[in-house]
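Have a look at the structure below before the remarks.
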Amino acid sequence: MQEFLDHLKKGKFMVPTCISCGSKVWPPSHRCPYCLSKTSLKKIETTGILLEFSSSHIKGKEGVFGLIEMSGIKLIGSFGTPQLKEGMKVKMTRCGVRPDGTAFYSFAPAKA
């Protein structure tokens, strides 16, 4: 979905939402998997809940990564801190597309 990627390249996170039934479509698609209607991009709340997390010690891929649920979708993001706890509130701080074409989503603990 090129429109999704174009927004992501600009650091804007938007999710395809069905114009008929209102379902959020993730991963991004032009069609709703439930009613097959067209979708349009909508801005969503980027605060969510950290479901799980893990650390990577692979050379060149070090970091802390987690599974986040936000606004009804789940995605994997990276964290700049290892001070995490499952069930905590987190907020997307950055998103974009790397030079190799892969998407990235960065999160941090949300302020209380």
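The values are calculated or read from the model by the stated rules, or taken from the named source; none is laboratory data. Owing to the predicted nature of the structure, the values given are computational and were not obtained by experimental measurement. Positions of Cβ are generated from backbone atoms using ideal geometry, with glycine treated the same way; all protein chains shown enter the neighbour counts. Protein only, heavy atoms only, side chains kept; ligands, DNA and RNA dropped before computing areas. Shrake-Rupley method; radii C 1.70, N 1.55, O 1.52, S 1.80 Å.
Taken together, the residues in the range 75-109 that are in a strand (DSSP E or B) and of a type in the set (Lys, Arg) amount to 3. Restricting to the range 55-83, name every residue that is polar (S, T, N, Q) and either open to solvent by 70 Å² or more (accessible area, probe 1.4 Å) or under 13 Å from residue 13 (Cα atoms) (or both). Selection gives 71, 83.
Specify which of the listed residues (97, 25, 90) is open to solvent by less than 30 Å² (accessible area, probe 1.4 Å), within 26 Å of residue 6 (Cβ to Cβ) and either among the basic types (Lys, Arg) or touching a residue at least 40 places away in the same chain (Cβ under 8 Å) (or both).
Details: 97 fails: open to solvent by less than 30 Å² (accessible area, probe 1.4 Å); 25 fails: either among the basic types (Lys, Arg) or touching a residue at least 40 places away in the same chain (Cβ under 8 Å) (or both).
Exactly one of 97, 25, 90 is open to solvent by less than 30 Å² (accessible area, probe 1.4 Å), within 26 Å of residue 6 (Cβ to Cβ) and either among the basic types (Lys, Arg) or touching a residue at least 40 places away in the same chain (Cβ under 8 Å) (or both), namely 90.
Of the residues making up the range 4-14, not a single one is open to solvent by 100 Å² or more (accessible area, probe 1.4 Å), outside any strand (DSSP E or B) and acidic (Asp, Glu). Restricting attention to the range 30-46, report how many residues are open to solvent by 40 Å² or more (accessible area, probe 1.4 Å) and of a type outside the set (Phe, Trp, Tyr). Here the count works out to 9.
Annotation note: Cβ proximity below 8 Å between a residue of the range 39-67 that is more than 13 Å from residue 82 (Cα to Cα) and in contact (Cβ under 8 Å) with a residue 40 or more places away in the chain and a residue that is open to solvent by 50 Å² or more (accessible area, probe 1.4 Å) and part of a strand (DSSP E or B) (sequence gap 6+ or interchain) occurs for 46/91; 47/89; 47/91; 48/69; 48/89; 48/91; 49/69; 49/89.
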